[in-house]
Amino acid sequence: MVSKKLRPIENIDIHNIKTVSMILNVLQREIGLTDDEIIIVIYTSIDHDYFTNLILLQAEFLKWFITNFEGESRDEIDFLENKNDIWIATQTYAMEVLSWQGRLTENH
């Protein structure tokens, strides 16, 4: 259901955090996610190669909605462990970007 709702009328190759946030906020009530859950889905789908542009990997984003979370399958466990690692990496990377940005403004 969610993947069908998220399928755009026109083909969109890349989403950034802003466009995905707008889409999910419109669908939030229908798909039953809290604000915190939406943030986790979005920020664990970031493409770290384009981190400062806040571009999402569509495949990683869609995995949230096509993975079966009804049991303790190996796929589910691997997916959640992977997303936990990505969440920690995203936070660490964001802290590094902010500290370097602070250094750049101090040297101006």
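Each value in this text was obtained by applying a stated rule to the coordinates, not by laboratory testing. All figures in this text were calculated on a predicted structure; none of them were measured in a lab. Every residue, glycine among them, receives a Cβ derived from its backbone with ideal geometry; neighbour counts consider all protein chains shown.
Only sites in a loop by DSSP and with at most 12 other Cβ atoms within 10 Å count here; which chymotrypsin sites (Phe, Trp or Tyr not before Pro) in segment 41-99 make the cut?
In loop regions of segment 41-99 (DSSP not H, G, I, E or B), the sparsely surrounded chymotrypsin sites (Phe, Trp or Tyr not before Pro) are Phe69.
Output the 0 to 90 degree angle, nearest 10, between the alpha-carbon long axis of helix 74-106 and the longest principal axis computed from the alpha carbons of the chain.
20
Taking the inverse of the average 1/r across all pairs of different Cα atoms in segment 2-106, what Kirkwood radius in Å do you get?
Numbers: mean 1/r = 0.0664 Å⁻¹.
Computed over segment 2-106, the radius equals 15.1 Å.
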